[in-house]
Amino acid sequence: MNMPLSAELIAEANTRDLEALEDDYASLGRKLERAGIAIDAIKERVADFSLAVPTWGAGRGGTRFAKFPIAGEPTNIHEKLEDCAVISQLSRLTPRVSPHFPWDKVSDYGALREEAASLGLGFDAVNSNTFQDQPGQAKSYATGSLSSTVAATRQQAVEHNVECIEIGRQLGSTDLTVWVGDGTNFPGQQDLARSLDRYLDAAAQVYAALPDDWRMLLEHKMFEPAFYSTVISDWGSSILAAQELGPKAKCLVDLGHHAPNVNIEQIVARLHRFGKLGGFHFNDSKYGDDDLDSGSINPHQLFLVFNELVEAELNPREGFNPNYMIDQSHNVTDPIESMLSSAETIGACFAKALLVDREALHMAQEANDTMMAFQALRRAYNVDVSPILAMARHENGGAIDMLGTYRESRWRDRKAQERKAVGLGAGIV
Ligand code: AFD
Ligand code: MN
Ligand code: MN
């Protein structure tokens, strides 16, 4: 293995932080023991938990209008893999990378898979891109892609998705995530029913190309780039499409793709109830954005989502195997730091959800004891689980203090000497 940061640097930093961590871990262990919870069992679950990071999140995205790159940003898939390996090495929570094509195109995918493996990384869901035109492309996506009124454009979008599956096979992926930027900005611009017909017809052609053990994850988004209607606007459209396509089609929930205040945890429960919960893109949002660090605005919502996931795992119905991924494109932070902060928060919400006294919760629910049901969740949410996460990381070779160790490594400064500068380019990813 060819890990990007020196193991000695991490070990030295951990030596400084270990005594305090052991103290905090023992104290939390005693507190949890009084509630009948073995802290080591929670730590083991956290150690087994994992997330993917997006290649496009390794660079600075932008606001809607501009991009302010930082020195040392990655400019190609090889450099992105290196940065993803830094995140994985420090957090021990993100061993997989989700690539996006054609952005991450190379000539030899076998070699790319080996390169990732040498950094301790595997590949997660492959993402197609039919929301942008590429140089030399025959048809424009200005009229949409899988739902375009132009048959040849729909065909091009189908072929691109099929190509992504082929690339994914070579990389060891088993999921194709499809987000289309299709939709309208004006009432009357397109027929709302017929545009969905066209999408379903084209998506079925992509579905037909899926290998047996693959899934097609449909990502809904109610806004952007079309602000009046999008073709897969919400979880309702998503589950209907997934049901029509077949058992390998599932729904992917990007937390930032809903109207403000939508009850996302209930959507999660509903999708699971019908065997259609395919996965997540974790991020947070305040208004109409979808790229803030996970839990930075509403960590409680993230906890409630994980509470549903723990319930779902205990009641698998038609299986339970959601794909967990971060989807963020940062514009004012170092992307590595933001993904470390998100991984920490996501892991913490999972750990808190594991702490919920399920028996007490279910009994209170059955007895209609609203306050005690609420308190069962609140007690778990109030616990500071950071020593559990830090101990799991430390035992797996990660950093107790991830951000401190990252800064001490001077990774970004060192990369600024080696990597070519990013062009100014347009904003948001
Ligand atoms: C856009 C979308 C969506 C998607 C991502 C990558 O909002 O979240 O997952 O692009 O295709 O940001
Ligand atoms: Mn997304
Ligand atoms: Mn998004």
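Readers should treat all values here as calculations from the given coordinates under stated rules, not as data from a laboratory. Since the structure is predicted, the reported quantities are computational estimates derived from the model, not experimental observations. Heads up, the Cβs are rebuilt from the backbone with ideal geometry, glycines too, and the neighbour counts pull from every protein chain shown.
Ellipticity at 222 nm from helices only: DSSP H runs of n ≥ 4 in the chain, each -39500 (n - 2.57), divided by the residue count, give -15500 deg cm²/dmol.
Once you wrap a convex hull around the alpha carbon atoms of the stretch 132-224, what is its projected area averaged over all directions, in nm²?
On the way: hull surface 25.7 nm².
The orientation-averaged projected area of the Cα hull of the stretch 132-224 comes to 6.4 nm².
When the GluC sites (Glu not before Pro) in the stretch 255-334 are filtered for DSSP coil states and for at most 11 other beta-carbon atoms within 10 Å of their beta-carbon, the remaining sites are 318.
Starting from the Cα-Cα distance between residue 317 and residue 45, subtract it from 0.36 nm times their residue separation and give me the gain in nm to one decimal.
Residue separation times 0.36 nm, minus the Cα-Cα distance, leaves 95.8 nm.
Its Cα centre serving as origin, the stretch 112-176 has a Cβ charge dipole (Lys and Arg +1, Asp and Glu -1) of approximately 240 debye.
Counting only Cβ charges, +1 for Lys and Arg and -1 for Asp and Glu, the dipole size of the chain around its Cα centre is about 660 debye. Look at the dipole of the stretch 348-399 built from charges on Cβ: of 391, 381, 371, the Cα furthest out on the positive end belongs to 391.
With both labels modelled 7 Å from their Cα along Cα-to-Cβ, the residue 149 to residue 30 distance reads 7.2 nm.
For the pair residue 134 and residue 395, label points projected 7 Å from Cα toward Cβ lie 4.4 nm apart. Relative to the globular-protein estimate of 2.2 N^0.38 Å, the Cα radius of gyration of the stretch 270-363 stands at 1.16. Is the shape of the stretch 176-247 rounded, prolate or oblate, going by the alpha carbon gyration tensor and its root eigenvalues a ≥ b ≥ c, with a/c under 1.5 for rounded and a/b larger than b/c for prolate? Prolate shape, in that a/c is at least 1.5 and a/b is the bigger ratio.
The length gained by stretching the chain between residue 185 and residue 17 to full extension, at 0.36 nm per residue less their Cα-Cα distance, is 55.2 nm. If R0 is 25 Å, the Cβ-Cβ spacing of residue 374 and residue 262 corresponds to a FRET efficiency of close to 0.75. Sparsely packed loop sites in the stretch 251-341 (the trypsin sites (Lys or Arg not before Pro) outside DSSP H, G, I, E and B with at most 12 other Cβ atoms within 10 Å) comprise 286, 317.
Rounded to the nearest 20, the size of the Cβ-charge dipole of the stretch 1-114 about its Cα centre is 640 debye, with Lys and Arg at +1 and Asp and Glu at -1. Computed over the chain, the quotient of the alpha carbon radius of gyration and 2.2 N^0.38 Å is 0.99. Beta bridges assigned by DSSP with both partners in the chain are antiparallel in approximately 10 percent of cases. Straight-distance candidates among the lysines for linking to residue 105, with alpha-carbon spacing under 16 Å and chain neighbours fewer than 8 residues away dropped: 80.
Placing pseudo-labels 7 Å out from each Cα toward the beta carbon at residue 234 and residue 403 gives an inter-label distance of 3.6 nm.
Projecting the Cα positions of 294, 264, 241 onto the charge dipole of the stretch 229-331 (unit charges on Cβ atoms of Lys, Arg, Asp and Glu, taken about the Cα centre) puts 241 furthest along the positive direction.
Would you be so kind as to identify which of 170, 11, 190 lies farthest towards the positive end of the dipole of the chain, taking Lys and Arg as +1 and Asp and Glu as -1 on Cβ and the Cα centre as origin? Farthest towards the positive end: 190. Put the Cα centre of the stretch 104-181 next to the Cα centre of the stretch 17-61 and the gap is 35 Å. Here the Debye sum runs over all C-alpha atoms of the stretch 34-188 as equal scatterers in vacuum, and log10 of I(q)/I(0) at q = 0.13, 0.19, 0.21 Å⁻¹ comes out as -0.73, -1.20, -1.33. Take the Kirkwood radius over Cα pairs of the stretch 272-429, plug it into Stokes-Einstein at 10 °C and 1.306 mPa s, and you get 88 µm²/s for translational diffusion.
At q = 0.19, 0.22 Å⁻¹, what base-10 log of I(q)/I(0) does the Debye formula yield for the stretch 26-126 when every alpha carbon is treated as an equal point scatterer in vacuo? Per q value, in the given order, log10 I(q)/I(0) is -0.91, -1.11.
Which chymotrypsin sites (Phe, Trp or Tyr not before Pro) in the stretch 273-305 pass both tests, a DSSP loop state and at most 13 other beta-carbon atoms within 10 Å? The qualifying sites are 274, 287. For the set 67/221; 31/221; 139/286; 221/420, the pairs lying more than 32 angstrom apart at their alpha carbons are 31/221; 139/286; 221/420.
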